[in-house]
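Q: Dropping a structure here in structure tokens format, bear with me for questions.
We did not get these values from a lab; they are worked out from the coordinates using the rules stated. Keep in mind it's a predicted model, so treat the numbers as computed, not measured. Positions of Cβ are generated from backbone atoms using ideal geometry, with glycine treated the same way; all protein chains shown enter the neighbour counts.
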Amino acid sequence: MRILVLITARGGSKRLPGKNLRMLGGKPLIVWSIDAVKDIPEICDILLSTDDVAIAEVCKEAGAYVPWLRPAELASDTSSSVDVALHALDWYEAEHGNVDGILLIQPTSPFRTKETVRKGIDLFSKKGGGSVLGVSPTHAHPMWALKMDGDFIVPFIAQHGFGSRSQDLEPAYIVNGSFYLISPLELRDNHSFMGKNIIPLVMESPQEALDIDTEWDFSIAEYLISK
């Protein structure tokens, strides 16, 4: 099996400037993700898509494959991760042959483990492709969600769970942004990392599920490193 890892990292970040190269535990944030997918036999390459020269150089030194800088039309605030992935996938398969899956990992999830990555690839292999999605238990159950209705607030879901104990509600999960693995066929057909039949890669650890997008998130990551 050949799995192409894709790490996407734009140079511009409005909520947390310079986050991809910000030092965490002695190394740039993005290098945590590169290290997590090294030395896994099924992974044929760790391809970086970036528009930023500094990010490219750091990732090359860390062992990523950086054959080009991302085109400007795919480096704006409105560029979708799917379009970026398809650009990278099309180029890679034209140059290096077909792959069985493309694994998108976000550099803002530094604490995913190598064991979790292997588990996700194993699920993908055993199910014969499709898509595997990293998810975590949600601590804000959708059955307890609310929305504004004029001057009032009402249940977001008509068949809400207010009045129910949390342990009586059906377990709910959220996408944690740490792991997206899909076959090239499904990605091209659906133009989405959410395939028709999604296999969950459940991450129970809040640490693995951490997605760094704000100063608060980064402070939590630094605290976890200190412990």
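Q: Put +1 on the Cβ of every Lys and Arg and -1 on every Asp and Glu Cβ in segment 44-132; which of Ala75, Val132, Thr50 then has its Cα farthest towards the positive end of the dipole?
A: Val132
Q: Can I ask one more? Can you compute the FRET efficiency between Ser125 and Ala94 using 1/(1 + (r/R0)^6), with r the Cβ-Cβ distance and R0 = 22 Å? Round to the nearest 0.05.
A: That gives a FRET efficiency of 0.35.
Q: Please state the charge dipole magnitude for the chain, taken about the Cα centre, from unit charges on C-beta atoms (+1 on K and R, -1 on D and E), reported in debye and rounded to the nearest 20.
A: 380
Q: Asn197: net charge of surrounding residues, Cβ under 10 Å, Lys/Arg +1, Asp/Glu -1, itself excluded?
A: +1
Q: Report the charge-dipole magnitude of segment 22-141 in Debye, nearest 20, computed about the Cα centre from +1 at each Lys and Arg Cβ and -1 at each Asp and Glu Cβ.
A: Here segment 22-141 has a charge dipole of around 620 debye.
Q: Let me ask something additional. Assuming 0.36 nm per residue, please report the length gained on full extension of the stretch Val202 to Ser81 beyond their Cα-Cα distance.
A: 41.4 nm
Q: Still on this structure: Can you tell me which of 147-158, 19-30 comes out highest on packing, and rank the rest after it, using the mean Cβ neighbours within 10 Å?
A: Answer by packing, highest mean first, reads 19-30, 147-158.
Q: A follow-up question, please. Normalised by the residues of the chain, what does the relative contact order come to in percent, with Cα pairs under 8 Å and at least six apart?
A: For the chain, the relative contact order is 24 percent.
Q: Classify segment 1-122 as rounded, prolate or oblate from the Cα gyration tensor: take a ≥ b ≥ c as the square roots of its eigenvalues, call it rounded if a/c is under 1.5, otherwise prolate when a/b beats b/c and oblate if not.
A: Here segment 1-122 falls in the oblate category.
Q: A further question on this structure: Among residues other than Pro155 whose Cβ falls under 15 Å from its Cβ, what is the net charge (Lys/Arg +1, Asp/Glu -1)?
A: 0
Q: Net charge around Gly130, counting only other residues with Cβ within less than 11 Å of its Cβ (Lys, Arg = +1; Asp, Glu = -1)?
A: Result for the neighbourhood of Gly130: +2.
Q: With r defined as the distance between the Cβ atoms of Lys60 and Arg22 and R0 fixed at 30 Å, what FRET efficiency is calculated, to the nearest 0.05?
A: Using R0 = 30 Å, I get an efficiency of 0.95.
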